[in-house]
Each structure stands twice: as structure tokens, then as C-alpha cells.
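Here's the structure, in C-alpha cells; my notes come after.
The values are calculated or read from the model by the stated rules, or taken from the named source; none is laboratory data. No experiment lies behind these values; they were computed from the predicted model shown. All Cβ positions, even for glycine, are placed from backbone atoms using ideal geometry, and neighbour counts span all protein chains on display.
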Amino acid sequence: MASNDGHGRWLLTAGGILSIVAGIFQINNGGLLMAFFIIPNIIPLWEIFPFLPGLWVELQDLYIFAYGPPIWQTIMGALFLVLGILAVVGGISAIRRKGFGFSLAGAICALASGLLGILAVIFIALGKREFGAEN
């Protein structure tokens, strides 16, 4: 049975918004993590930061080209990016009240962002009854 008092509505809306915000943070952080470790291998550092001292640039350039890109950081960035996309889509699903399982999965993907993800999971789980309600 669906609740008629609107209690579940604000829970789902809040959980969806929290999931979307956490997902946007994850997309941003994942993209930055990937960019900061892929771009220096494509574009030399002295072209990006011409104002830095020459010795620092040469040491950084030597480290990056000698050891290659730090692949684990690129993989973690891609993982955060994918989890963030799933969290945003799950948050939209929660706001629309379509598919409890997908909404909860999106909130679980938002857990990597910390407190926002924890609150999103709690709010969406508490608003489960609202998914079967007719609008």
C-alpha cells in the first residue's frame, strides 16, 4: 500500500537529489583524476606550465616518461566516473519514482562519495512504498 501523507515523497525526492549531487561530485573527481594522469603523457609538462622552474619540469617529465602513466589512478578515475553516472541516473529514477531497484542501486553507487551517499541510500530505502503509488 502506498502512503498518502506525502512522507515517502520527500524522502524519495531528497534521496534522489542527494544521489544526483554525489554522482556529480564523483563524475567530476573521476574525470579530474583521469585527466591529471593521462594528459601529461600526451602533452609535455613544459607546454602546460611554462612558468615553472626548468629543473622541476625536467624531473617530472623524466618520471612520467620513464615509468609510464600511473595506470591504477586512471582505472580508479574511470571507476569513479562510471559510479557517478550510475548514481545520477539512479537519482533521476528516484525522483520520478520509477524502479526502486535501480534507484537503490544508484544510491549505492553514490556511497563512494561518503555522507551524501549514505543519506541517499537511507532516504531511498525508507521511501520504498512510494514506488508503487499512483501519482
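Of all residues assigned to segment 79-97, at least one qualifies as being modelled with pLDDT under 95, over 23 Å from GLY31 (Cβ atoms) and more than 19 Å from the chain's Cα centre (by Cα). Restricted to segment 73-131, and to residues there that are of a type in the set (Lys, Arg) and surrounded by fewer than 18 Cβ atoms within 10 Å (Cβ to Cβ), the residue that is farthest from ILE20 (Cα to Cα) is ARG129.
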